[in-house]
Amino acid sequence: MGLVLNEDEVMLRESAEGFFADKAPVTELRKLRDGNDETGFSRELWKEMADMGFAGILVPEEHGGVDMGYMAAGLVAEQMGRNLTASPFLSTAILAATALRNSGTPEQQAAWLPKIAAGDVIMALALDEGGKHNPRGTTVTAKPSGNGFKISGHKAMVVDGHVADALIVAARTSGEPGDADGISLFIVDPKSKGVDVERTIMVDSRNAARVDFDEVEVAGDALLGSLDEGMDALGTVLNAGRAAVAAELLGTSDQAFQITVDYLKERKQFGKIIGEFQALQHRASHLYSEMELCRSAVLAALTAMDANDKNTSLYCAMAKAKLGSVAKLAGVEGVQMHGGVGMTDEYDIGLYLKRIRVAQELFGDAHYHMDQIASAMNY
Amino acid sequence: MGHLDDFRAETRAWLEENCPESMRTPFSNDGDACWGGRNWTFASDDQKIWLERCVAKGYTAPTWDEKYGGAGLDRAQERILRQEMKRINARLPLSSFGIWMLGPALLKFGSEEQKLKYLPPITRGEIRWCQGYSEPAAGSDLASLATKAEDKGDHFLVNGQKVWTSYADKADWIFCLVRTDNSGTKHQGISFVLFDMESEGVEARPIKLISGRSPFCETFFENVKVPKENLVGELGQGWTIAKYLLTHEREMIGEMEAPRPLSEVAAQTMGLVDGKLPDSLLRGKIAEAEIDDWAFKMTMGRLLSEAKAGMSLGAKSSMLKYYGTELNKRRLELMMDAAGQDGLEWESDRSNDGQLARSWLRTKGNSIEGGTSEVQLNIISKHILQLPGA
Ligand SMILES: Cc1cc2nc3c(=O)[nH]c(=O)nc-3n(C[C@H](O)[C@H](O)[C@H](O)COP(=O)(O)OP(=O)(O)OC[C@H]3O[C@@H](n4cnc5c(N)ncnc54)[C@H](O)[C@@H]3O)c2cc1C
């Protein structure tokens, strides 16, 4: 793997860089938060992102997308990470688009993909149920009922679930919690009878939902992918999610690092610029080295996604694990090196710390992935 | 990409044909490497044959020009050669400070005469070199070195002492930093000279290390005559050359690859229970180190592809050196953890004379040799992060 961007990718990165810095910098997140915005992101921005091709970045051209692949999606995610941009990019353009394009029936694809690309729908993945990511632990059930199914149970951390037009729900159609087999995916209208959605505003001022399903009836054609074999479809969706969140974390942590290095060059104590203190220089240089590894890990995961490499799952897991740990370090060190102002709401570094905390948890934290990787590698 | 595919196919076929079977296993200890030199005795016929065949192909220094004994490969081809060698676990045919350190410096700063004189014997493994940089009072602060070279018309007269000179007792020649002028700043007045270790007045005394081995020496120079033509670059240009050489040395140290994955070694030493290492905390740390190892390899590949062909990585080589060596130390600590009490045996056939313990101790030097980790962090702070006062 060369891991060097080609000309098209460099152009895309530059246009995303300009776009998010201009339209959705950190001040926009503050506005949404301080104005108690009921959506939690700007629908106008999402529309503009669709016009830029970002919403349809993984949608095939025949469905109105630009179909640029995961490297491109990762480059966009990185810039959003840098600016702490709130948008349904992850839930809709990455997770839902991946699920539909890989596992959807032609009817499902025709129904949803063009709307995703146009920025006309928001879709959310309802997978996790408890505090920790644990796909196999799925307890929500879908029982056969007439020509369809009845879904019951509880989902949590449904990113963008509070405003989703459709939910992709992982439910158990056979087996026991803990089994990889027996999980199926369903497309569920949150306005259906028996669905209760509670918006959860998270520590990073972004939004998810807790969703209750009380004998929610869905038709047979709500099934996305094969019955009982939802883990196959989910596998690709989670690879995409992990690679994209890792890419976002790369942007977030690199920006946190940059802000911190800038501060080291500005703040004076003991008659010196604090960046002159070797204790801080070495910690910053260590972090720099870790960030270099992070960039390679993310590029390797995205490259593997696009190439359908046999190591894709492993690379995505490793990238997510690496970014999870290093981003936390970047956040923690960032606040510490800012001193007291790092604890204030006025300085941005705290916002980065908070977003990192959320993103590192999504789709498995570093510990989760270390465990999974060790098992996958037979040790 | 067509010509690269062809190159890969040719290389694969050549290796299949020419690499002896016994040269297709990773080094099991330091004794397995071939260093060459006037007094080298080959460990086996295969070691000799493998070296000779690679020499004929220019594969001991693949990127050097053919007239200097190389194969004239570009970086992409060199990578392919390395990948193909790795694929069959082919051993490095020749380990050499001449190839890793002196060569790049001579290629950049040497005269054509010097290149033609010194490079081919290096690639053939005929002359073994050592590095005379550090002195008792000049370690991290290398530029404060005091070994003196006086101008005596047609030669320099060298007096002083070096230390930590790796393999000085086995090397044929030395590339050495000497002070030719005391009047300016400490970085000025340093020159880069080459001389034969058999010259009168040179003495190398081995130093015993914590690993029980003696790979390096204190090296003394008393009125050593060094011909003027052995000066590389300009008089007083030594610091620039020394720094350039160090970036190559650092890349090289940072790139050292582990022969076997840590997890595989741990699984073998500890055994598995229900398919898992029996110590779950250690298992987590091993997984973490394996992830870092992967990300580090990806980074090396990326930085080498980003750097233009033939260009050094500059200050980024400090990052590779720092991270790679610290990671290697972590790796050996974890291997010792996995081996537990069995890893503590020092003198037994069972332990191959304490091979693991000795390797573990050796890695402690990785983050010291070629500039300490702290020095690498200083370089990153100054040249990459551009922090004040670094
Ligand atoms: C295995 C091995 C092989 C070697 N081979 C060779 C060789 O072939 N040729 C050769 O010339 N040399 C060789 N060396 C020497 C090596 O380059 C020096 O040991 C190294 O540069 C450190 O110098 P020192 O030992 O004097 O330590 P010191 O410079 O005394 O360092 C002691 C401690 O102080 C720290 N320190 C020093 N300065 C600073 C600073 N500015 N900021 C923060 N911390 C600092 C160091 O990081 C270290 O932790 C070898 C060393 C080893 C271990």
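The values are calculated or read from the model by the stated rules, or taken from the named source; none is laboratory data. Everything quoted here is computed from the prediction, not taken from an experiment. Counting neighbours? That spans all protein chains shown, and the Cβs are built from the backbone with ideal geometry, glycine included. These accessible areas exclude ligands, DNA and RNA; they are computed on the full protein's heavy atoms, side chains included. Shrake-Rupley method; radii C 1.70, N 1.55, O 1.52, S 1.80 Å.
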10 Å beta-carbon shell around B:Ser214, net charge (K/R +1, D/E -1)
+2
Would you work out which of A:Ser91, B:Trp129, A:Gly153 lies farthest towards the positive end of the dipole of the protein assembly as shown, given +1 charges on the beta-carbon of Lys and Arg and -1 on that of Asp and Glu, about the Cα centre?
B:Trp129
Taking the 0 to 90 degree range and rounding to the nearest ten, how far is the long axis of helix A:278-307 tilted relative to the main principal axis of chain A, both from C-alpha atoms?
30
What ³J(HN,Hα) values, in whole Hz, does the Karplus curve 6.51 cos²θ - 1.76 cosθ + 1.60 give for segment B:10-26 when θ = phi - 60°, with x put for Gly and Pro?
4, 5, 4, 5, 4, 5, 3, 6, 10, 7, x, 3, 6, 8, 10, 10, x
Report the FRET efficiency, 1/(1 + (r/R0)^6), for B:Ala13 and B:Glu112, where r is their Cβ-Cβ distance and R0 is 41 Å, rounded to 0.05.
0.70
Give me the distance between the Cα centres of segment A:47-125 and segment B:177-208, rounded to whole Å.
64
Scan of chain A for trypsin sites (Lys or Arg not before Pro) in DSSP loops with at most 16 other beta-carbon atoms within 10 Å gives a longest site-free stretch of A:1-131
Taking chain A and dividing mean pair separation by its residue count, relative contact order in percent (alpha carbons under 8 Å, at least six apart)
16
Rh by Kirkwood over Cα pairs, then Stokes-Einstein D for segment B:322-390 at 1.306 mPa s and 10 °C, µm²/s:
116
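Using only C-alpha atoms and all pairs of different ones, pull out the Kirkwood radius for chain B in Å with one decimal. Numbers along the way, then the final one.
On the way: mean 1/r = 0.0446 Å⁻¹.
Its Kirkwood hydrodynamic radius stands at 22.4 Å.
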Work through the residues other than A:Ile183 whose Cβ is under 15 Å from its Cβ and net out their charges, Lys, Arg +1 and Asp, Glu -1.
-4
Helix B:75-87 versus the longest principal axis of chain B: what angle, 0 to 90°, nearest 10, using Cα atoms?
40
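Pairs of alpha-carbon atoms within less than 8 angstrom and 6+ residues apart define the contacts here; what relative contact order does segment A:269-379 have, in percent?
24
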Please state the Cα pair-distance histogram of chain A with 10 angstrom bins from zero: what percent is in each bin?
5, 24, 34, 24, 10, 3, 1, 0
Go from 0 up to the bin containing the longest alpha carbon distance in segment B:39-168, width 10 Å each, and give me the % of pairs per bin.
11, 32, 32, 19, 6, 0
Using the Karplus equation 6.51 cos²θ - 1.76 cosθ + 1.60 (θ = phi - 60°), what ³J(HN,Hα) coupling, rounded to whole Hz, does each residue of segment B:90-102 give in order, writing x for Gly and Pro?
5, 6, 4, x, 8, 9, 7, 5, x, 6, 6, 10, 5
If the only charges are +1 at each Lys and Arg Cβ and -1 at each Asp and Glu Cβ, what is the size of the charge dipole of segment A:7-121 around the Cα centre, to the nearest 20 debye?
420
State the antiparallel share, in %, of DSSP beta bridges confined to chain B, rounding to the nearest 5.
85
In Å and whole numbers, how far do the C-alpha atoms of segment A:231-376 stretch along each principal axis, longest first?
60, 26, 25
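Given a cut-off of 21 Å, name the pairs among A:Lys320/B:Lys297; B:Lys243/B:Lys297; B:Lys115/B:Lys243; B:Lys170/B:Lys208; A:Lys322/B:Lys297; B:Lys186/B:Lys243 whose C-alpha atoms lie farther apart than that in the structure shown.
B:Lys243/B:Lys297
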Got the relative contact order for chain B handy, in percent, Cα pairs under 8 Å and 6 or more residues apart?
12
Projected-area average for segment A:125-227 over all orientations - Cα convex hull basis, square nanometres:
6.0
Tilt, helix A:312-338 to longest principal axis of chain A (alpha-carbon atoms), in degrees rounded to tens, equals 40
Diffusion coefficient, µm² s⁻¹, Stokes-Einstein with Kirkwood Rh over alpha-carbon pairs of segment B:255-384 at 25 °C and 0.890 mPa s:
151
P(r) of segment A:319-379 over all Cα-Cα pairs, binned every 10 Å from zero, in whole percent:
24, 40, 23, 10, 3
Taking only the alpha carbons of segment A:7-121, what extent do you get along each of the three principal axes, in Å, biggest first?
42, 38, 18
With the other protein chains left in place, how much accessible area per residue, in square angstrom, belongs to segment B:255-384 at a 1.4 angstrom probe?
46
Mean shadow of segment A:245-330, computed from the convex hull of its alpha carbons, in nm²?
5.4
Would you mind computing the Rg to Rh ratio of the protein assembly as shown from its alpha-carbon coordinates, Kirkwood style for Rh?
1.03
Listed residue (A:Tyr347, A:Ala304, A:Ile273) projecting farthest to the positive dipole end of segment A:250-379, Cβ model
A:Ile273
Compute, for A:His369, the solvent-accessible surface of its heavy atoms (probe 1.4 Å) with the complete set of protein chains present, and express it in square angstrom to the nearest 10.
0
Magnitude of the Cβ-charge dipole (Lys and Arg +1, Asp and Glu -1) of chain A about the Cα centre, nearest 20 debye, reported as 1060
Work out the charge dipole of the protein assembly as shown with +1 on the Cβ of Lys and Arg and -1 on the Cβ of Asp and Glu about the Cα centre, then indicate which of A:Leu12, A:Val197, B:Met197 is farthest towards its positive end.
B:Met197
About its Cα centre, how strong a charge dipole does the protein assembly as shown have in debye, to the nearest 20, once Lys and Arg get +1 and Asp and Glu get -1 at the Cβ?
1640
GluC sites (Glu not before Pro) lying in DSSP loop within segment A:317-379, provided at most 10 other Cβ fall within 10 Å
A:Glu346
Can you pull out the GluC sites (Glu not before Pro) in segment B:188-290 that DSSP calls coil and that have at most 11 other Cβ atoms within 10 Å?
B:Glu198, B:Glu200
DSSP bridge pairs, the protein assembly as shown: antiparallel proportion in percent, nearest 5:
85
With only alpha-carbon atoms counted, please give the Rg and Dmax of segment A:140-296, in Å.
23.0, 78
What are the principal axis extents of the Cα atoms in segment B:3-95, in Å, biggest first?
39, 28, 20
